[in-house]
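Structure record follows, encoded as structure tokens.
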Amino acid sequence: MDSKLLVLVMIVHLICMVTAQDSSCVRCCDYEPTNTSGQFSILRGEKGDTGERGLPGQIGKAGPIGEKGTTGEKGSNGFPGYRGPKGIQGEQGEPGTSGQQGPRGSKGLRGTKGDMGSNGQKGELYDFENWPVFSVARSSVQNGQSSHTTVTYDFTFVNIGNDMNLGTGIFTCHIPGVYFFTFATLKYNNKHAAAFIMVNNTPKARIFGDDKDWQGMISQSLTITLTAGNTVWVRIDKHSEYRNVQLHSNNKHHTTFNGQLIRPAV
């Protein structure tokens, strides 16, 4: 800008300040010169540089709540959170169904001795007066025949209960239980002594002596469980099996048959 013009502007501005009480101020920048002769003119200066940014203003009051927006799309799953603290114990649920039976466990330790139990019922009394016991004998020789024959007896030492029949030589059980039987006879010179103790027509115990030139007592015994109606007897072998079969006896009673109940059935 021309130096003369600048001086002129300053003077005008000063005059305005002095006369401000009586007249309005005229801005130099709004002054439009009437002199167009080209001697001088007041021109608008170039735009200055942008000043520094001012300080932020105070925060304004909150505006009214806006309308509810539309629901957004579902977001993706977040990362797992940290494990929370243990919750309080819930109520007990209903019993479940029974599972399959497990394998048998090992044998446990022996427990302490229990209290004595109450007295049991009174047991059944046996008729000891008729407790089966017999002992019978022959007073003569009995020879083998062409078929099997039964040893019979003609002398009784004892026959409690009368379960032994001397005429048939057969013992019939009436009280079930465990019985003990023995049979003895004299094996004579050059004779076979061959027989069986029979139970219900089944051979159970062998009595045997060969036909050599000797003589002596031979015997056999049997312990067996019988039920009511079972029969026990002694059978002589027939001639076709052994020749000269003989059970020797006389009034000295070499041939005897004995039996007794030793334990009744429970």
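The values are calculated or read from the model by the stated rules, or taken from the named source; none is laboratory data. Predicted model, so just to flag it, every value in this text is computed and none were measured. In this analysis, Cβ positions are derived from the backbone assuming ideal geometry, glycine residues included, and neighbour counts consider all displayed protein chains. Just the protein is used for accessible areas: all its heavy atoms, side chains included, with ligands, DNA and RNA removed. Shrake-Rupley method; radii C 1.70, N 1.55, O 1.52, S 1.80 Å.
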Within segment 195-217, can one find any residue that is in contact with a Phe, Trp or Tyr (Cβ under 8 Å, 6 or more places away or on another chain), open to solvent by 60 Å² or more (accessible area, probe 1.4 Å) and under 23 Å from Phe128 (Cβ atoms)?
no
Looking across segment 80-112 at residues that are charged (D, E, K, R) and under 27 Å from the mean Cα position of the chain (by Cα), the single one that is surrounded by the fewest Cβ atoms within 10 Å (Cβ to Cβ) is Glu94
Residue that is modelled with the lowest pLDDT [pool: residues in segment 218-266 that are among the basic types (Lys, Arg) and either farther than 23 Å from Gly167 by Cα or loosely packed, with under 15 Cβ neighbours inside 10 Å (or both)]:
Arg243
Of all strands (runs of 3 or more DSSP E) completely enclosed by segment 116-193, which ones contain at least 2 residues that are touching a helix residue (DSSP H, G or I) at 6+ places or on another chain (Cβ under 6 Å), in contact (Cβ under 8 Å) with a residue 12 or more places away in the chain and buried (at least 18 other Cβ atoms within 10 Å of the Cβ)?
none
